[in-house]
Amino acid sequence: DLATALNDRGHIRYLRVEFAAAMEDYTAAIQCQPGFEVPYYNRGLVLYRLGCFDEAMKDFRKVLELNPQFEDAALSLKQAILDKEEKEKRGY
C-alpha cells in the first residue's frame, strides 16, 4: 500500500543520509495511515540523529501508544531521554 511504499522510500533516503527527504516520506506515510507505527519510529530515529530529542521522543511515544510491544521504540525513547539530559547537563 501507499503508506508502506512511502515508508520504504524514506528508509532508502535515510540510508543515503538524505534526512530531510526521508522525513518527508515518513510524514507522508503517517498522513496516509496514521495507525501505522513504523514511520513514526523511523522519523523518530532521524530526529534523534539530528539531536531533536523532544520531537524524537514524541514520535517514539506515539509508536508505543500504537504498539506497546515495539521494543526498539521503548529502547530508543530511553536513550533519547538520557541523551537529552546529558545535553542539558553540558549546557548546549
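Some points to look at:
- So Y40, is it open to solvent by 60 Å² or more (accessible area, probe 1.4 Å), closer than 19 Å to H11 by Cα, in contact (Cβ under 8 Å) with a residue 24 or more places away in the chain and in a helix (DSSP H, G or I): no
- V63 vs. criteria crowded, with 21+ Cβ neighbours inside 10 Å and farther than 17 Å from A5 by Cβ: yes
- Set E65, E86: member being among the acidic types (D, E) and under 18 Å from Y26 (Cα atoms): E65
- Within region 10-34, the set of residues being closer than 18 Å to D59 by Cβ, open to solvent by 30 Å² or more (accessible area, probe 1.4 Å) and not acidic (D, E) comprises H11, R13, Y14, F19, A20, M23, T27, Q31, C32, Q33, P34.
The values are calculated or read from the model by the stated rules, or taken from the named source; none is laboratory data. Fair warning: this is a prediction, and the values are worked out from it, not measured in the lab. Every residue, glycine as well, gets a Cβ built from its backbone with ideal geometry; the counts of neighbours run over all protein chains shown. To get the accessible areas, we keep the full protein, side chains included, count just its heavy atoms, and leave off ligands, DNA and RNA. Shrake-Rupley method; radii C 1.70, N 1.55, O 1.52, S 1.80 Å.
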